[in-house]
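Asker: Quick one: the structure is below, questions incoming.
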Amino acid sequence: MIIKIKKKSDIPSSEITPEDVYINRRKFLGASAGIGAAAFLGCGAADTDSDAADAESQDLEPTSWEDITTYNNFYEFGASDKEAPARRSHTLVTKPWTIKVDGLCAKPADYQLEDFIKPSTIEDRVYRFRCVEAWSMVIPWRGFPLADAIARAEPDPGAKYVAFETLWDPEQMPERRWKPRIGWPYREGLRLDEAMHPLALMVTGLHGRTLPNQNGAPLRLIVPWKYGFKSIKSIVRMTFTEDEPPTTWATQSPAEYGFYSNVNPNVNHPRWSQETERVVDSSRLFNRRIDTLFLNGYADEVAHLYEGMDLRKYF
Ligand code: MTE
């Protein structure tokens, strides 16, 4: 069982761990140095610094708040190390926040965040999260189905894709060095049927708390069967298109990153294997490695979306 879903109304307040429990957790980030430097070559580099290679455990023991919020990729706030976004993203202003919905749809609009989110649709969901750099976490997200936001916009029959954009404001986002390479804003996209899948989540929180800036506040995408870079942060725009939209990493390095980016242990990254992953857990002295699962373990739910497609070609 790899999906745990709870409606907000089902969550007893006793289950929401108080903030001080997390704050007192031991902070020990081993083995992260060096990844940032290599990241200049693409969306990171393989995380192969493991002491143990065991594949037995594929459970859903959530990664700690501490690890989820201090081991991040958010290049607008720095690519030097995984802790840079936590250190630097306090400059991001998340209130007020406007989301533009446009393109091929009947109801284009500029939404204030409060109007974009319907509290009654908020759920807690524990998902596996697999980064293309071959590390993974288990994250208790809080959010609502992306399908709800899409349905509200009433896409035209001609709309085949949905594109997303992150805020780009150099005043708030210090990472100008990457500009010529990446071409801000950060962009992502999904085929519309992927986006409508009930597992695709618009996220506003994690571990029962408001989403921190470094994790993509105030609104980010989570597509659990795809590599982490599809999960675009701090979204300000959602556009319906007929053609496959350009995406940040596929534009930057098309031989390494495709549009689909489905987790697939059978298709290696040109520079490293995708067969296994390091489980991020700073409370353990030695890193654990587990086998990577096809579609990150969500094959039963989403494999039909890719029937008949050559996943080596559409990687
Ligand atoms: N979104 C934006 N705007 N900028 C980024 O650099 N990094 C992506 C994705 N979304 C990124 C982004 C990558 S490479 C990963 S692995 C995940 O965010 C990391 O999410 P996390 O920091 O919450 O673990």
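Asker: Spot the failing condition for residue 296; the list is (1) assigned to a loop (DSSP other than H, G, I, E, B); (2) in contact with a Lys or Arg (Cβ under 8 Å, 6 or more places away or on another chain); (3) of a type outside the set (D, E, K, R), and only one is missed.
Answerer: (1)
Asker: May I pose another question? Those residues that are open to solvent by less than 10 Å² (accessible area, probe 1.4 Å) and away from the ligand (no atom under 16 Å from the Cβ), I need them from the stretch 228-244; list them, please.
Answerer: The answer is 240, and nothing else.
A quick yes/no check of all residues on (1) touching a His at 6+ places or on another chain (Cβ under 7 Å); (2) among the hydrophobic types (A, V, I, L, M, F, W, C); (3) open to solvent by 10 Å² or more (accessible area, probe 1.4 Å):
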position	(1), (2), (3)
126	no, yes, yes
131	no, yes, no
139	no, yes, no
142	no, no, yes
145	no, no, yes
148	no, no, yes
151	no, yes, yes
154	no, no, yes
157	no, no, yes
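Asker: Just to be sure I understand, how many residues within the stretch 71-111 are open to solvent by 30 Å² or more (accessible area, probe 1.4 Å) and of a type in the set (Val, Ile, Thr)?
Answerer: 4
Asker: Hey, among 225, 184, which residue is of a type in the set (Phe, Trp, Tyr) and either within 13 Å of the ligand (Cβ to nearest atom) or surrounded by fewer than 18 Cβ atoms within 10 Å (Cβ to Cβ) (or both)?
Answerer: On inspection, the qualifying residue turns out to be 184.
Asker: Here are some conditions: (1) surrounded by 23 or more Cβ atoms within 10 Å (Cβ to Cβ); (2) touching a residue at least 60 places away in the same chain (Cβ under 8 Å); (3) among the small types (Gly, Ala, Ser); (4) in contact with a helix residue (DSSP H, G or I) (Cβ under 8 Å, 6 or more places away or on another chain). Residue 208 meets all but one. Which one does it not meet?
Answerer: Checking residue 208 against (1) surrounded by 23 or more Cβ atoms within 10 Å (Cβ to Cβ); (2) touching a residue at least 60 places away in the same chain (Cβ under 8 Å); (3) among the small types (Gly, Ala, Ser); (4) in contact with a helix residue (DSSP H, G or I) (Cβ under 8 Å, 6 or more places away or on another chain), the one that fails is (1).
Asker: Of these, 120, 136, which one is out of contact with any Pro (no Cβ under 7 Å at 6 or more places or on another chain) and within 12 Å of the ligand (Cβ to nearest atom)?
Answerer: Every option except 136 fails the conditions.
Asker: Output the residues belonging to the stretch 232-247 that are within 14 Å of residue 190 (Cβ to Cβ) and among the β-branched types (Val, Ile, Thr).
Answerer: Result: 232, 235, 239, 241, 247.
The values are calculated or read from the model by the stated rules, or taken from the named source; none is laboratory data. Since we're looking at a predicted model, the values are computed, not measured. Glycine also receives a Cβ, built like all others from the backbone with ideal geometry; neighbour counts cover every protein chain displayed. The accessibility values were calculated without ligands, DNA or RNA, using every heavy atom of the protein model including side chains. Shrake-Rupley method; radii C 1.70, N 1.55, O 1.52, S 1.80 Å.
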